[in-house]
Structure formats: C-alpha cells, structure tokens
Amino acid sequence: MFGAVKKISAILCVTFLSNAHAETFSPLLDSAKRAIHSGLWDVAALRLEAAAAAPDVPADRMPELRILLAEAMVRDRRPDAALVILEDSIVRSHPEAGFWIGQALAGKGRFAEAADTLAAFAAKPESPHREEAAFTAANLRMSLSQPDAALDALSLLDSMDSKLRRVGLLIDLDRTEEARALFPKASGIPGKLSRFANLLEGRLLLAEGKASQAEPLFASLVSDPEGQSLEHHNLAVLGRADCMAAQGNAKGATDFLLSYIQSRAEAPLLTPIFDRIIAWLPETISTTDHPTLALLSEWTPKHLPTGSGFVNTEIDRAASAWPRPEPPLTDLEAFSLHALSLGMRRVDIPTAKAEASTLMRRLGVLAPQHLLVPGSMLTLASWRLEEGRTMAAFDILDHLRHSAKSTVIKGEAAFLKAQSAFERGDPDLASELFREAAEMLKGENRAAAALNSAISALEQDPEASITIQNLDPAVKEELSVDLALERALASDTPQKTIPALDAFLKEHPGHARAAEARLAIAEAAIGSVPPDLSLAKAQIDTLGASGSDLPEAAATRLMLVRLRLLDLSGDTSATVALANEIIAGFPGTHASSEASLIVGKNLFRSGNYNEARIALETLAASEPGTQRSQAALLLAARSAALGATAQSREEALKLYDKTMEIKGALKSLALIEKARLLIDMNRLPAAIESLAAAYDSASPDDPSRFSTGLLLAEATYARGDSDPDSLANALQIYDSLLKTSAGNPSRFFRLQYLRGLTLEKLPDPADPSKNRLTEAREAYFSVIDRPTDPPPAEWEWFERSCFRLLTMLETEEDWKAAVGIAGKIASFGGPRAGEAATRARQLRLKHMVWED
C-alpha cells in the first residue's frame, strides 16, 4: 500500500511541474512572492524556478528572479545552492547581491567572512537592507568574540535603533561609562523604541549599582508587555529579579521567577532563569523540604522510560544505552530536573546527595538529546571526582571527549580530566589532555588550557614552552611570560625560587602577577634555612599593608607570611594578636588552623604551658587525624610534661600516645619524647620496652633509628647498677649504631664517647677485677687520632672525647701521655683549645715533663 502511495505522489509532483511550466511568468512570480510572504521558502523556490523557465520571462527580470531565488534558498537553509546562484554574473551586479552572499556565508558557518561581507555592504549608504546587514554583522562579530568590531558595525548606521543597540552591547561588555555617555536623551527617542530604551535604562542602572532605581522600570515593563518582543519582555523579568537579588532579597527574586514560569503559556528564556534559580539557592541546604526544591520537584517528570535499561544500566558507563523515553520531556521538565539535581546536591544529607546523582542520570535517560545533557554529564563527572570515584568519572569524560557533538563540551571534558590527572600526580597525561582541550576551546579557556599544558610539562621538562598551534601571537607571548612565572614558582628549593622570581620581576616589573611573585619570594625567604627575615620583610613592605594588588585567594597567604615573620622574630604579643585576628576572620580555614598552632607554640615559648595545652588540644580535636593535629598534640604533650604536677606529667604520657596514633612524620619523635619523660620519671622498664620495639623494627636507613637507639642505650645504661647485663646491652647498641655512622663525624664522635663511658664501667672478661679501660682509651683516641687540618666538623662530642681521654691519663698519672694529648687538643683550635693548652703547660711544669 505504501509503495502505491509513493507512486501516486510522484505522479502528482510531475503533473504540478508540467502545469507550472505551462503557466506564464507573471502569475508564477506573484505566487512565489506570496509563498515568500507566508514563509514557505521551499514552495517559493519551486515557483521561482518555474517562473525562470516560463516561455515569456523577460530577460531584464532575470536578475530580480534569481535574487529572489537566492533569498528563498538562504531562508530554506540551503546556503550552498544560494551561493551557486549568487556567483552567476547576472546576479552579482544586483544591489542586494552582497547582502545575500553574506547571509549565505553565515548559513555555511563561515562567520568571519560573512561579517566582513555584510559590514562592507552596510558601509555603502545606497545599499538596500543596510540596517539588517549592519545588525547581522554586529551579531556575528560578537559570536566571534570581537566586541569592538561589533560596535564598529553598528556605528555604520545613524539610526536611533542602532544607537540603542550599541548601548545594549556596551552594557553587556560592562562598559557602563561609555554606555551612559552614548545613551540618547528621552526626547529624541521615538515612541516605538521607548520601551526598548526603558529596558536598556533599567539594565544600565542595575549595572551601575542602582538596583532600587532600576526595579520600577523593569516592573513596569513586566506588568505591561504590549509593544515588546518576547525576548525583551523576558529580559525585563530577569532584570527585575536581578534587582531584587541585588537588594538582598534572593528568596523573593527566586519566587518571582518561579511564579513567572508558571504564568506563561509560551516558553520563556529558561536557561538564564534557571541559572539564577540555581545560583540563588543557599550553598548549604538543611532539608529536602526547601520550598524551591519542592516546587521544582512538582515540575519534574514522574514517568520512567520503558524497559529495564534505567533500572539495570549504570548510566555512568560511557557504553551505557540510554533508551528513548515516551513521552518526551518538555523544556520545563528538563530544566526543573536539572535544577532539582543541583539543589539536592547542596542538601547536607548523604541520601540527598545520592538522589542528586540519580536525578542527573535520569535527565540523560529521559532526554538524551536535550541541550542540558552534555553539561549535566560534566557535572556528574565532577561529582564522581569529588567522591573519589575516579574511573567512573573518567568513563563519563572519555565518552564526552569522543562522542559529544559540541567541541566546547569535548574541550571541557578533556580539561576536567586533565585537572584530575595533574592532581593525581600524572603530569604527562595532564599535559596531553590540556593540549587536547586547547585545540577545542576558544578565547580565555583556550589560553588557560594551553598554559596548563605547558605547566604540567614543567615537571619533566623545565624548559617546556607554549606549543599550541594557531594561537594569536600576542596571546602566545603573554602566555609565555605567564609560563616563565610558573617556572620560577615551580623551583623546588628556596635557594632556586628566590633568584628565579627576582629575575622575573626585574624583566617584568609591571606584570599583573608581580605582587604574587613578591609574596612567593617572602614565603621562600621564610622557608629558607636559616630564614632570611630581612628579605621577607622587604617584600611584605613592598606589597603594602593591604596587599590590594594580590588576588583574593592570596590575601590569607599574605597574612600568614606576616604571622610567620612575627613568629620567627620572637615578638610573642604581636604574633598572638595577629594570629587571633586570622582565627576570627577566617574560621574553619587552613589559615585559621595554622594561626591556632602558632598561638599554641607562642604560649608554650612564653611558659604559659596550661594555656598552650588548652589551645593545642582544641586545635587537635577540630582536625582529628591530620598532620596539623599530630603537631598540636605533640606540643600539647610537651606543655603537659613541663607542668608543675605529677598529674600533668601523667596526662603528657597520654597525649604522646594520642600523637603516636596518627600516622605521620612526628610519630617517632613523640615516641622518643615519651621515652625521655619515662626515663625522667624513673620508669626505665617502660621506656626500654617501647624504645626496644621501635629500634628493632626500624630499618638501618630509617632516620629515627639513630635517635631511638641512643635513647634506648641511655635507658639501658642507667640500669647498669642494678642489672650487670645492661651495660653490655648498651655497648651492643652503640656498636650497632657505629656500623651505620660511617661518613658522619658528628655521630662517630658521639658514639665513641658513649662507648668509652660504657667500657670504663664494664669488667674485663679476662680479669673481672679490672675494667675495660684500654678499650675505653682506644675509643676516645679514635676521635682525636686525626690530622689537625681540616678541623672537625663538630666540636662538642669531639672535645668531650678528647678531654675524657686526658682525664683518664691524669688519673693514671701518665703525665707524659697526658701532656701530649693536651697539646694535641690545643692544636685543633676548638672552643676549649685555650683550656687544653693551659692544662698542658701546667702538667709540664708541675711534673717536669720536657720534650726530649
């Protein structure tokens, strides 16, 4: 049956064309014009083609006929066919040819060519459709991010409509002073444009921060839509809502927009309306019964797609099949579902956040082709990243990168994945993805992706450069300067960072981020060993008291640098005052946390141990399990250990235990300090037990092993009087540590001194009535047995060993050896060289020891 119908249709079409060819030119042309007037462009094209083939078509009417046919083709979205007609020599000379060529080029997506063609056409005063050409050229140039060129196109006309459009464009560009200067006087505005002028006046007042003056203008336009286009009326609605929000009534503004949506039969501008509804929701919502969420829920679809796909398919997977829903969603349902999802994500309840993801997935299931879906998938991917579900997020992003129709969405998906890759420590993948994003994004986003691609590559290639093709030379040069700053900031030590940033500032003193570079120099100066406080202060003084040239995000960094500078300068009262200011001004932030730690540290330094302990324990409780919490607990334990009561010292032991429960760099230090406290409290067995367990489990290259071993040996040595084996055990520990101290003179000197003391007390196995004094002297001598040039790298343990050997020789009345050792000590020129020389001289005189 269907085949027969197709055959009959074909016959009818042929019959119509045959009859058309039989008609004369004038009736066919008139019929074509009526079709054009009715918007039936395809019908008009058929009639015009028939008119061109009519036997009585006048030759001088062919240009007009062909121009009309080109117009019909353009309006029927057939720009290629239109351009073929317009290239005909008969048509090129027609006054309207340039206008329709420009429109056809725009239809093909060749916007830059179209804008130039139409602007050139509008520049001729005699051109027909001149106003439409200028307006279209301006719109095209705005779409190409060429606002000044768009203003130039509108300036080609002297009409009031053109002037008002220029005002509107300047408002969009936030160039309010220019817009106000250009705004025509009310007396010169014709009545048909008065409502448009009122709309612009309201928008300009709002942009100037005069919301209370703007609102009555918008309210008048909203209440009386007569004489306005739907677009302008919707803009008035948005303007009134923006005025309400600007005056602190975001709830009223939201209610007004929701009421407007309900009252309109035709679809309003849902995108900007819902953007505002979402933006004006509280950042944190306490309950799902929020009025806005409740109304949005009423507008969301209640039907689910047929089949089991929605129930059984994990929509997050890029390969998921999204079934086509019946019936399709209305725009209002889709926008409501999207907004409800975003709102539910703000509800501070885990089940609500899970529901948000379900709603966002449902939008993709019920309306896979809707304009909101690509953006909703990006949002869903970002939520997955926040939840730590990286692979699920990457599945969504990879699907968008390869399947999205919009290159912008593809670029944003690549950008988001690149950010995640960089944060996860994969700079190579990040650089590749940022490059991919730069090839697809435009304007500032493209520049940001290009810069981030190079920044990501810096870790592997310190000389990485901007390599994205077809960047504007001026933009590329600007990005190269930004990259130079990032390269300097990425230096891994203060010794490299400071000269690199100093060189950057000398070469680019007026750079927009010069203040940030100075702040980074100050931070590096404070982080140097030892800190360069004068350099840090010089940079802070240059930044000024407010640091107004810094971005908002860096304001707290500047305060923290000032705080650290005061802290290192030892000005306790000023340090505590500024720290308390930061705590009050930035509650719950990293800055507040660091300031709290510095307050505790300064209270500790000043001897206010109880106050310090309270402040530090409060900080630790507010950030359980963190590295900062561990530092606070350690300092709190020290404060308690220095308390005046036995109870305070008992509480210190518990605080050390809490410190060690946290995995972090301070765990071993807490163990050592606790053991030291136990030794001081004469609880040697407990100290030895904890130290032995840590020492036995530590690997030879563990930095804490040496300190742990020393204290274990000390505690073991202290039991020597009651446990004869303790001295031998202590010596065994020292010997073990000595094996791993090669190349470290300071450790060698210390260990030999401690070995010597231990050997002096140990009985000689060959003759238990004697101690191992010879071995002790050998241990001390191994320290002094070195050339005098260069001097020892460390003096304390070196000279302790030397003078202990000298004392032993004096006790044994070996005066000649004692004089020799004393002279040897003096020859090194250490802190006690004068004392050694005096003793050598006294021994020589007293015991008449002369050189042979």
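The values are calculated or read from the model by the stated rules, or taken from the named source; none is laboratory data. No experiment lies behind these values; they were computed from the predicted model shown. Neighbour counts are summed over all protein chains in view; Cβ atoms, including those assigned to glycine, are modelled from backbone coordinates with ideal geometry. Calculation scope for accessible area: heavy atoms of the full protein, side chains included, ligands and nucleic acids excluded. Shrake-Rupley method; radii C 1.70, N 1.55, O 1.52, S 1.80 Å.
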Discussion item. How much accessible area per residue does the chain have, counting only protein heavy atoms and a probe of 1.4 Å, in square angstrom?
Written reply: 51 Å²
Response to the item:
Sorting A149, L118, M62 by the position of each Cα along the dipole of the range 58-169 (Lys, Arg +1; Asp, Glu -1; all at Cβ), the one nearest the positive end of that ordering is A149
Worksheet item: In the range 731-839, which GluC sites (Glu not before Pro) are in a loop and have at most 12 other Cβ atoms within 10 Å, using DSSP for the loop call?
Response: E812, E813
Fill in: 12 Å Cα-Cα reach of K658 towards aspartates and glutamates, excluding residues that sit fewer than 8 places from it in its own chain
E617
Worksheet entry | Amide H partners (placed H, <5 Å) of V347, local residues excluded | I285
Practice prompt. With unit charges on the beta carbon (Lys/Arg positive, Asp/Glu negative), name the residue among F415, L535, T493 whose Cα is farthest towards the positive pole of the charge dipole of the chain.
Written response: F415
Practice prompt. Give the label of the value calculated from the structure for Cα extents along the principal axes in Å, choosing from (1) 106, 75, 49; (2) 147, 60, 57; (3) 118, 109, 51.
Written response: (2)
Worksheet item: Straight-line reach from K251: which lysines have Cα under 27 Å away, leaving out those fewer than 8 places along the same chain?
Response: K210, K302, K353
Worksheet entry | Contact order relative to length of the range 600-703, as percent, for alpha carbon pairs under 8 angstrom and 6 or more apart | 18 percent
Practice prompt. Summarise the accessible area of the chain (1.4 Å probe, protein heavy atoms) by the percent that is carbon and sulfur.
Written response: 53 percent
Worksheet item: Local charge sum around A490 (other residues, Cβ-Cβ under 11 Å, Lys/Arg +1, Asp/Glu -1)?
Response: -1
Practice prompt. Excluding residues on the same chain fewer than 8 positions from K108, give the lysines whose Cα lies under 29 Å from its Cα.
Written response: K33, K124, K405, K410, K442
Item to complete: Could you sort 536-544, 642-650, 65-73 so that the peptide with the highest average Cβ count within 10 Å comes first and the rest follow in order?
Response: 65-73, 536-544, 642-650
Worksheet, complete the sentence: In degrees, nearest 10, the alpha-carbon axis of helix 160-172 is tilted away from the dominant principal axis of the alpha carbons of the chain by 20 degrees
Practice prompt. Add +1 for every Lys or Arg and -1 for every Asp or Glu among the other residues with Cβ under 13 Å from the Cβ of G625, and state the total.
Written response: +2
Worksheet item: Hey, if you put +1 on the Cβ of every Lys and Arg and -1 on every Asp and Glu Cβ in the range 723-852, which of W850, G829, S801 ends up farthest toward the positive end of that dipole?
Response: G829
Response to the item:
Computed ³J(HN,Hα) along the range 563-569: with the Karplus parameters 6.51/-1.76/1.60, θ = phi - 60°, integer Hz and x for glycine or proline, the list is 5, 5, 5, 4, 4, 6, 6
Worksheet item: Which pairs in the list K163/K185; K761/K824; K816/K846 are over 20 Å apart, alpha-carbon to alpha-carbon?
Response: K761/K824
Item to complete: Report the local net charge at L533: Lys and Arg +1, Asp and Glu -1, summed over other residues whose C-beta lies under 14 Å from its C-beta.
Response: -2
Worksheet item: Given H placed 1.01 Å from N in the peptide plane, which residues other than close sequence neighbours of N771 have an amide H under 5 Å from its amide H?
Response: D764
Worksheet, complete the sentence: Here the relative contact order (percent) of the range 128-169, from C-alpha pairs under 8 Å and at least 6 apart, is 33 percent
Worksheet item: Counting each DSSP H run of 4 or more residues in the chain as -39500 (n - 2.57), what helix-only mean residue ellipticity at 222 nm follows after dividing by all residues, to the nearest 500 deg cm²/dmol?
Response: -22500 deg cm²/dmol
Worksheet entry | Mean Cα-pair separation over length for the chain, i.e. relative contact order, pairs under 8 Å, 6 or more apart, % | 3 percent
